[in-house]
Every structure is written in structure tokens, then in C-alpha cells.
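Working notes for the structure below.
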2 protein chains.
Amino acid sequence: MPLDHDKSTDFANWYSEIVMKAEIVDNRTPIKGANVLLPNGYGIWENIQRILDAELKATGHNNMYFPLFVPEELLNKEAEHFSGFAPEVAWVTHVGDKKLDRKVGLRPTSEAIMYTMFALWIRSHTDLPLKVNQWCNIIRWDTKETKVLLRDREFLWHEGHTAHATYDEAVKQVEESMRIYEKLFHDLCLSYIIVKRPRHDTFPGADYSIAYDSPLPDGRVLQIGTTHNLGQNFSKAFNVRFQKADGEHEFVYQTSYGVSTRVIAAVLSMHGDNKGAIIPPKVALTQAIVIPIYFKGKHDPVNKATNEIVAELKEQGIRVKADLRDNYTSGWKFNQYELLGVPLRIEVGPRDVEKNQAVLVRRDNGQKITVSREELTQKVKEALEAVENGLRERAWKRLEEVTSEAKTLDELEEIYSDKKGIIRTNWCGDEKCSDQLKERIAVEIRGTKLGEEEEVFASCVICGNEAKEVVYVASAY
Amino acid sequence: MPLDHDKSTDFANWYSEIVMKAEIVDNRTPIKGANVLLPNGYGIWENIQRILDAELKATGHNNMYFPLFVPEELLNKEAEHFSGFAPEVAWVTHVGDKKLDRKVGLRPTSEAIMYTMFALWIRSHTDLPLKVNQWCNIIRWDTKETKVLLRDREFLWHEGHTAHATYDEAVKQVEESMRIYEKLFHDLCLSYIIVKRPRHDTFPGADYSIAYDSPLPDGRVLQIGTTHNLGQNFSKAFNVRFQKADGEHEFVYQTSYGVSTRVIAAVLSMHGDNKGAIIPPKVALTQAIVIPIYFKGKHDPVNKATNEIVAELKEQGIRVKADLRDNYTSGWKFNQYELLGVPLRIEVGPRDVEKNQAVLVRRDNGQKITVSREELTQKVKEALEAVENGLRERAWKRLEEVTSEAKTLDELEEIYSDKKGIIRTNWCGDEKCSDQLKERIAVEIRGTKLGEEEEVFASCVICGNEAKEVVYVASAY
């Protein structure tokens, strides 16, 4: 077992170990919470970018780049927004040895700077909808806690921002963003619940927020993406108005949504095991690793076959590499690429060369398949798909396993102390009850199920008064 | 003429006008020098990224992401490097309303933070070469002057950083980076001279710097890319050592190189005209715009043909769009897409539909070509190639035109007052002479020609003493 910590019994240490050993992140930097994304981690992000960018372009989003710098008076324009982010804003006060006349913030999100520009760009209903996407770094300097990929002071993300002529269009845009994210999470083989956050947990300045909560092995959940219907809150604060066809002026309706490098934490946590990471094929930097098995100096024929296989698979668009080093044993290499999470291993030994075959080994379940050279490419594609399906099924099964139902606080506490997870229960809608719950057993009301309105099945789990809605509670990162 | 300023007689104002009107940049942001890259500008950058990224990956570079934050003590480790960048470093001193224990700089370049990590990663000769690439934002806060894309306080770039076991390998790496950049500049249709910068103009901390200077229409030159052979200067400062096969320890040999969004300024300046931008096909967000010509209400057949053409060209991988709006005249649209720099226009009128044809109009020279529907895709590809070749030829002709030779200071001054440009002359190698030249006529010694050593053809153009080398002088941005 190459990892020192066990995933099921010691998730926190397993996680800290795997992000480093699977070469996802190096956190030995001089600034806590601002880490290096290593090739194996950055590769996941590049593939996420490729998937999302294609979907965003296909749905009419235009990529742009806005400044990192946001002056205080802009951040301040939407009061709720500002108070939500202010404690984590990093301020530039000096350049060289000179003090600036006014301090400048580093973007904790780009609403303020973007909508300042939207106000200049939008004049008429013919300018709408405006659909913008940005890929950038984001600074949220938590002065206390940091946790690799889960709570970084600097992270990478995409942020979509749109402006519309009607509230209905904004609602439709929220739905479009959700379809885009569901496509991404499908490719990442993640399971999740989609909830509408309660009012007190809505994005600062938004009408409502939709969020994706994915279960982690320790029973807690992780928010892996959000979409906000901003209504006219920001357009009023930033004076983003348009002239309608009838000549009247109105404030635009807005949405914003984002997915960050945090989602990599969910990918690692959901799929990894005690041998290392398991990276879903669609986002793996290396989808298949070919390992020649050397035997009594028979390097040449094995290397030749290995190189041919790599060339053939590359030709077919598969991200494949070979490890021809002879100062490492095959066994060491097996362990190493299992640790890195490469979803498929291809072994080529002298007997395989003789028999004109190769052995495929799936990373998710260790299954070995001997395939003839003729059908290799086809079988590799099938095996990668099988790994993907295997990971996805396991993830959704996991979600089912961690989801429970509680009618009373005692029930809820019992489930929570037993396995945590996501608990379906009832709430009166009062924030005080939510606070009480959090104080008592450290779980949060994550929100209500989206789409269908669920029928309450008991009284408020906290105060016992009449419940207004069915909610999902969990302990969150 | 849609532009208010003439390129040949008033380049500075023409440039300021075109970056905004061709929708490359919007500089109406609250922070001077930190602007918005608009879709038409960001699209160029995305295509540059695509071209460079493929070349960098093919040559074994691994993409990673390093922190934006660099503590002062790291920047300070290589003294010359630090003093070169210190005046432009933006410092974060506060988070929320709390003062940080130590101020943190924003990367003006990533040598310091990267090589701190290299020291942790490199142990043995088998770890070498290490070839890293990063795509990121860079902060160089010029407190005085800013100029859109030419001198921005925040800009985007790629930076390559490598470590090698021998000096020779570092030299070869410099050459590899040059081949990569020449491929990019070829696709951007830019002309340039490649020079080795004089000692006093070398990158702070480098052994020597190779740079590309591209001529701008006002007779000045613009550095569009650089490669530095860092020797062991940084590896000694950051203690990046490796064990050789013979067991001895040695400091690694390093190189770094970068190309930024500044290159977009060269693209606009080199190719644009008084009608607007001309964007080289390989990097244009939109390569071809299809404009239906409406006539007496015959919208349907024309729109149908337009949509078919768009679908067919998209299928062939051409970045094409149609403008079907009927509240704008065809003439207005022609002007608009010329302004934006779309390299090819495709006109489809009712008679074209009847005759089963379309009209292609090249942006670079206005040439019209009537083509049958059957051969449309082929002809569009040919026309885009022709535009590219046309731009490239013009650019290299331009370089020839602006290059002169001077034996004496009088000659040099006369050429300079006449047309500026790049002047080939002789230098004794003394920095004082270089300073004198700069004071007297505001031109800089840009460097010596790379590769062949040129024979001096007169005495030092400044002091009259024996010349040591042939140098190229110019006024630079």
C-alpha cells in the first residue's frame, strides 16, 4: 500500500497525502494557501477548461479578460456583496516603495469590475443578452484556515456572467448553466445533489443561488459549483440599464456562475483509493500508460511494440505515454502510475510480443484483459469507457448510501453521529432554527431540492413548529 | 474612412483609436493600465495560446500553475533581478482590515517563486531537463506611463522555464524556444530582427538575452518576445543543485522565455490600415464573415444560402459567422467587419443565389473573387491563405524599407530624423557610448545579429574609436 493513510478511516490525512503524492499539488510554497498546481493536477484543470469552454462557446458566451484589480468603491457598491467578501479581500497599498493614493483590492469574484463595464456597454435591448465568460485566478485570503484545493487563498476558476432583458430569461440562463455543469460533472464521474440554498446562505447580492453538493468520504459534502440569479440587485447598484423596444428604460436581469479548481478536490476524494488517485479518463493528463515488461535483456522487441502502440493510440487521440526507463522495475512502475491515477495500464511483455497481444489493466477495479494487437485501439477505448462508467456508477451508489431521512432531532443526531452524510428532513424556514442546528451538531441546512416541491413529512426538525419545506442538511467543507 | 486618425501620419492616435474601435481592448476601467481584453482581442490571445501550447507540449514542456504571490525575501535572492523589477512590484500589505506580518509582492515574472520550487524538485541528473510552462497574469505597475497592450500594469503571458545539466543544453534550449517563437510569429505574419541584447540591456539576472524587435509604423521598434540564458546565476541564488552520474553535485543551467499580450499590439500596428484592424487568419476570432445582401425583401433565399455556407465552412473547421441583422445596411456591415479586422468577407446577394455563387472579398487588399458554390470551401481556404501570405510579405518588405546603415553619427542622425527605423552601425562596446547615443537622439543599441558575427565596417559611431561589433540601433517602445 503506497499510501500511509487509509481513506475510509482517516480521510483527512489520506487527502493531504494523496494531493501531494499523486503529484496534483505541491504546497511547500512560501505563502500558505497559494500552491503549485503540478502537471498531473493542472492537466485535470486543462481538460475541465476544454470541456467547459466548448460548452460555453456553443451556448453563445464570449470569452474576455477583466482586471485583477478592483478599487474599494466598486466592491462597495452592492453593500451585501461587499460585506460578504470584505474580510478576505487582499489589498495592494504600495508599488515599489511608494504608497498608492487609494488601496486596490484583488478580485474575490468579478461582479463589481465586470458590471462597471456592462454599464458602459449595454444601451438597448438589441445589446442583450450579453453572455461573458472569464478564465482567471481568484484571491480569497482566508486569514485562518487553508486546505489544499478546498480552501485556497489563490485558485483558478471560470466565471460566467450574463445580462438579460427579462427575469424569465435570467431564469432560463440559470437552467442553461446547470445543463453545462451537469455535462462537466458527468465527465468527472461525480455524484451530487442540486439544491436551492436557503436565503441566509445565498451568494451575497443574489436573489437565489443554486448549488451542487457532492459527498466526500468522511460524510461531509463539498460545494463543487454554483449558479446565481442576481435579479436586478447588481444592475441597480451598478446602473446597468437598457432601452426596451417600447422606449422605456429598465435595469437588466443578471446571472453569474462558476466552477473552480476546488472541483479537483471532489474528483480526488470521490474516486481515489488506498493505492492513490483514480482520475476519470475524460480529464486525465495521461489516459493510458504503456509499460514494457523487460525479461532477461529482451528490451528491443518489447520497446518496439511499446512505441508502436503509443504511436497508434496517439493517432486515435488517446493521451498515452510509455515508461521505458530501465532503472525502475515494472512493479515499481505499476505502483507509481496507480498512485498518479492513470485510468488504464497497458502491459507489454516478451510473451505478449510473441503472441501479438497486450494486457490492459483497469485502474478502478484492477481487472485484466488480454487483447490482440489488431483490436487494441478499440479495446483501449472500450476499457476507458468502462473505467468512466465504473467510477460514475460507484459515485452515484455512494450518494445513495450516504443519504438518509430524519423526522426528529434525535434521529438526525443519531444518523449524524453514525455516518454523517446528507439527511433529508423538514424545516420551518426560520434562520434561528438553522443557527441552532449548526451550533448543536455542526450541520448546515444546504437547501431545498430543485424542480419539484417536496411534501413535508414531519414538523420542523429543530423547533417542532409547522414545517414549510423539505430540506437537505449536511456538514460542509 | 471609419477611423478619425491616419496611420501613416498620426500613428499614436491611430493606434489608440484602433484598439478601442476594433474591439480589442476597453480601457475605460477604474485602474489605469489594467484593461479589459474584449472578445475580438481575447480571441487573438486564445489562438496564440493554442499555437504556442501545442508547440510547447510537443517539445516536452509541462504546464503548471504557480502562485501570484512572491514574498520579498524570495524576489531579493537574486540581487540584480530584484533591483530590475523592484520599482514596479505591487505589494499586498493588508487582508480585510488586518495588516499582514510581512508584505507580499505580485509576480512581475516567476523566476523567484518557480526556482524556489525547482530547488525542492531537482535532486539528480535523471530529473533533468525540467521544462515548465505557465499561462498567467503578470503585474508590472509602471507608476508613470501606461499604454494599452504596450505597457500595461496587468497583462497575460506564457513563461517557459527550464533547468539543464550542462551549459550546452541550455544553449540548445534557447534555440528551441526561438524555433517555437518563429513558428508563432510566422502565423502572426510579423517581421522582426533577432538580436542578442547588449550587456546593459540584458534581463536582470541573465547571462544573455535574445530578443525579437518588430518595426512599428512610426519608425520605432517593439520587443515582441525574449529568451534568456540564465546560466547558473539563479540556480546559485536559489540553490538548485543536482547530482551528476559521477556523484558530483553541480548547480543547474537555466533558461526562461516569454511572449505576452503585448504581441497583439504588434499585430494591430503592423497590419492595420485606415479602415481598421486586419487580423491574420490563423489568430482571428472570426476568420470569415458572411453578409447576406438583402434586396427588395428577398430575405429568405439569401438567408438560407447564408446559413448553408456558414454550416459548410464550420464543418471544415473555419471560424465563420453570419450577420443576418436587417436593421443594419450591408454597407454598414462591410465597414464594421473591416474595422474589426475579419480577414475575409463573403457576400451573398439574390443574384448570387440564382447563379449559385458567392463573392469573396479579401480584407488585406480589397480584392473581390466570385466563386461557385461547389468550390466555395476550397476557395475560402485559398483566400485565407492568400491574405496570410499577403500580410506576411508586406511585413517583411516593411522591415526591409525601415532598415538602413550608418557609418557616422551625422548619417545616423539624418536617417533618424528622416524615418527612424532600424539602423545598422558600429559600436566600441562601451556602455557610455550607448548612453550618449540615447541622450543625444533617443535611440538605443538593441543588440548584435544572432548567429553570424558581422564584420565591422567603420569605427564606433559614437566615440570614433575602434568598433568591436556591428549593432542595430532603434528607438524602442
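Where a number appears in this text, it was derived from the coordinates with a stated rule and is not lab data. Values in this document were obtained by computation on a predicted structure and should not be read as measured data. Here the Cβ is made from the backbone with ideal geometry for all residues, glycine too, and neighbour counts use every protein chain on show.
Mean residue ellipticity at 222 nm from the helices of chain B, using -39,500 (n - 2.57) per DSSP H segment of n ≥ 4 over the full residue count, to the nearest 500 deg cm²/dmol? Show your work: numbers first, answer last.
Numbers: 14 runs with 172 residues, N = 477.
It comes out at -11500 deg cm²/dmol, rounded to the nearest 500.
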How would you classify chain A from its alpha-carbon gyration tensor, with a ≥ b ≥ c the square roots of the eigenvalues: rounded for a/c under 1.5, else prolate if a/b is greater than b/c, otherwise oblate? prolate
Taking only the alpha carbons of segment A:44-86, what extent do you get along each of the three principal axes, in Å, biggest first? 35, 24, 19
Quick calc, A:Asp97 & A:Lys244: beta-carbon distance into FRET formula, R0 45 Å, rounding 0.05, result 0.30
Leading residue at positive end of dipole, chain B (Cβ point charges), from B:Ala395, B:Ile139, B:Ile44: B:Ile44
For segment A:290-440: relative contact order, % (alpha-carbon pairs under 8 angstrom, 6 or more apart): 17
If labels are modelled 7 Å from Cα along the Cβ direction, A:Glu414 lies from its partners in the other copies at nm distances, smallest first, of 10.3
Taking one equal scatterer on every alpha-carbon of segment B:127-192, how large is log10 of I(q)/I(0) by Debye at q = 0.18, 0.21, 0.28 1/Å? -0.90, -0.99, -1.12
Residues of segment A:371-385 with backbone nitrogen within less than 16 Å of a virtual label 7 Å along the Cα-to-Cβ line of A:Arg319, please, listed as ranges. A:381, A:384-385
Segment A:194-237 and segment A:257-308 have their Cα centres apart by a whole-number Å value of 34
A 25 angstrom limit on the alpha carbon distance is what I want to check against. Which of A:Lys407/A:Lys468; B:Lys7/B:Lys333; A:Lys98/B:Lys432 exceed it? A:Lys98/B:Lys432
What does segment A:298-431 give for Rg and for Dmax, in Å, if only its C-alpha atoms count? 22.7, 73
Aspartates and glutamates within cross-link reach of A:Lys236: Cα-Cα under 12 Å, excluding same-chain residues under 8 positions apart? A:Glu78, A:Glu250
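May I ask which of A:Lys131/B:Lys103; B:Lys420/B:Lys449; A:Lys244/B:Lys147; A:Lys57/B:Lys32 have a Cα-Cα span longer than 28 Å here? Don't jump to the answer; show the numbers that get you there.
On the way: A:Lys131/B:Lys103 37 Å; B:Lys420/B:Lys449 19 Å; A:Lys244/B:Lys147 37 Å; A:Lys57/B:Lys32 30 Å.
Checking Cα-Cα distances, A:Lys131/B:Lys103; A:Lys244/B:Lys147; A:Lys57/B:Lys32 exceed 28 Å.
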Placing unit charges on C-beta atoms (Lys and Arg positive, Asp and Glu negative, everything else neutral), compute the dipole magnitude of segment B:11-271 about its Cα centre in debye, rounded to 20. 460
List the aspartates and glutamates whose alpha-carbon lies under 17 Å from that of A:Lys321, not counting same-chain residues fewer than 8 positions away? A:Glu23, A:Glu308, A:Glu312, A:Glu338, A:Glu347
Any idea how far apart B:Lys355 and B:Cys463 come out in nm if each label point goes 7 Å out from Cα toward Cβ? 7.1
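Mean separation of Cα pairs under 8 Å and 6+ residues apart, divided by the residue count of chain B: what relative contact order is that in percent?
On the way: 962 pairs, mean separation 68.0, N = 477.
Relative CO of chain B lands at 14 percent.
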Taking neighbour Cβ counts within 10 Å as the exposure measure, how do A:Arg440, A:Arg398, B:Arg197 sort from fewest upward? A:Arg440, A:Arg398, B:Arg197
In degrees, nearest 10, the alpha-carbon axis of helix B:167-187 is tilted away from the dominant principal axis of the alpha carbons of chain B by 20
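Just to be sure I understand: of the beta bridges DSSP finds with both ends in segment A:277-397, what percent are antiparallel, rounded to 5? Spell out each step's value before the answer.
Working: 9 of 17 bridges.
In segment A:277-397, approximately 55 percent of DSSP beta bridges are antiparallel ones.
Relative contact order for segment B:1-114 using alpha-carbon pairs under 8 Å, separation at least 6, rounded to a whole percent? Before the final figure, lay out each step's value.
On the way: 98 pairs, mean separation 18.9, N = 114.
With pairs under 8 Å counted, the relative contact order is 17 percent.
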Of the peptides A:280-287, B:96-103, how do they stack up when ordered by the mean number of other Cβ atoms within 10 Å, highest first? A:280-287, B:96-103
All aspartates and glutamates inside 15 Å of B:Lys99 as judged from Cα atoms, apart from same-chain residues fewer than 8 positions distant: A:Glu88, A:Asp142
Net charge of neighbours whose Cβ lies under 10 Å from the Cβ of B:His186, counting Lys and Arg as +1 and Asp and Glu as -1: 0
How much net charge surrounds B:Asp142 when only the other residues with a Cβ under 14 Å from the Cβ of B:Asp142 are counted, with Lys and Arg +1 and Asp and Glu -1? +4
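Counting DSSP beta bridges in the protein assembly as shown, what percent are antiparallel, to the nearest 5?
Details: 143 of 173 bridges.
Counting only bridges with both partners in the protein assembly as shown, antiparallel ones make up about 85 percent.
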Hey, if you drop one equal point scatterer on each alpha-carbon of segment B:11-271 and run the Debye formula without solvent, what base-10 log of I(q)/I(0) do you get at q = 0.07 Å⁻¹? -0.25
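With +1 on the Cβ of every Lys and Arg and -1 on the Cβ of every Asp and Glu, and nothing else charged, how large is the dipole of the protein assembly as shown about its Cα centre, in debye rounded to the nearest 20?
Working: 126 positive and 146 negative charges, 88 e Å.
Value, rounded to 20: 420 debye.
Once you charge only the Cβ atoms, +1 for Lys and Arg and -1 for Asp and Glu, what is the size of the charge dipole of segment B:402-474 about its Cα centre, to the nearest 20 debye? Display every interim value, and only then the final one.
Values: 10 positive and 17 negative charges, 47 e Å.
Using only the charged Cβ atoms, the result is roughly 220 debye.
Determine the shape class of segment A:168-231: with a ≥ b ≥ c the square roots of the Cα gyration tensor eigenvalues, call it rounded for a/c under 1.5, and otherwise prolate if a/b is greater than b/c, oblate otherwise.
Oblate, since a/c reaches 1.5 and b/c is not below a/b.
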